[in-house]
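Q: This is the structure I have questions about; it appears just below.
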Amino acid sequence: MRAQKTWKPWAIAFLLGAAALAAHGPALSNDFVAFDDPDYVRSVPQVMSGLRAQNVLWAFTSFEVANWFPVTRLSWILDAELFGRDPAGFHATSIALHVFNVLLFFAAIFRLTRDLWPSAFVAAVFAVHPLHVESVAWVTERKDVLAGVFWWAATWLHAVAVRDGSRAA
């Protein structure tokens, strides 16, 4: 009987990932956004020249355009290394990070509540809610989906600690 139930969370996770991908997948055909993607990504030589020691150093020491977000800049630099100047690669990374966030969110909420269907529902809303469109489809907003990875990973780890009693939470 237990083996019968264990497939449900995995099936739901698969469907949640597919829903997030379906909702945000059209961003793959977008160009860079003309508003501030040029200032942060497209016209920045340290980003577009890819993974180089001086670019990694720049990511940690630069305050250009009044922001300091080295992890975000490193993610753009890695995208440029992997995909060149093709905006589809940058969008694919943001979409993949959002899908990962959806799965982490579902895992954390389900782990905390042990209530499958409400956890699936709130994760589904999170997966397709229009509030996330800007963060996923706009390369400069990568900082939001990256912050989500750290937030939901920490929440999931907390849930593991609380449920398993492995550490004081």
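Q: Considering each residue of segment 128-144, count those that are open to solvent by less than 60 Å² (accessible area, probe 1.4 Å), touching a residue at least 60 places away in the same chain (Cβ under 8 Å) and not charged (D, E, K, R), and give that number.
A: Residues in segment 128-144 being open to solvent by less than 60 Å² (accessible area, probe 1.4 Å), touching a residue at least 60 places away in the same chain (Cβ under 8 Å) and not charged (D, E, K, R): 6 in total.
Q: Then there's this: Could we say that V99 is in a helix (DSSP H, G or I), under 16 Å from N30 (Cβ atoms), touching a residue at least 40 places away in the same chain (Cβ under 8 Å) and of a type in the set (A, V, I, L, M, F, W, C) here?
A: Taking the combined requirement at face value, the residue does not satisfy it.
Q: Can you report the number of residues in segment 48-78 which are open to solvent by less than 20 Å² (accessible area, probe 1.4 Å) and either without any contact (Cβ under 8 Å) to a residue 12 or more places away in the chain or farther than 28 Å from P130 by Cβ (or both)?
A: Residues that pass the stated criteria total 6.
Q: Identify, please: which residue in segment 1-34 is free of Cβ contacts under 8 Å to residues at least 12 places away in the same chain and not in a helix (DSSP H, G or I) and is, among those, surrounded by the fewest Cβ atoms within 10 Å (Cβ to Cβ)?
A: M1
Q: Residue check: is A147 surrounded by 14 or more Cβ atoms within 10 Å (Cβ to Cβ), part of a helix (DSSP H, G or I) and among the small types (G, A, S)?
A: Spelling it out, A147 is indeed surrounded by 14 or more Cβ atoms within 10 Å (Cβ to Cβ), part of a helix (DSSP H, G or I) and among the small types (G, A, S).
The values are calculated or read from the model by the stated rules, or taken from the named source; none is laboratory data. From a predicted model like this one, the values you see are computed outputs, not experimental measurements. Every residue, glycine as well, gets a Cβ built from its backbone with ideal geometry; the counts of neighbours run over all protein chains shown. The protein model used for the area step is the full one, side chains on, heavy atoms only, and it has no ligands, DNA or RNA in it. Shrake-Rupley method; radii C 1.70, N 1.55, O 1.52, S 1.80 Å.
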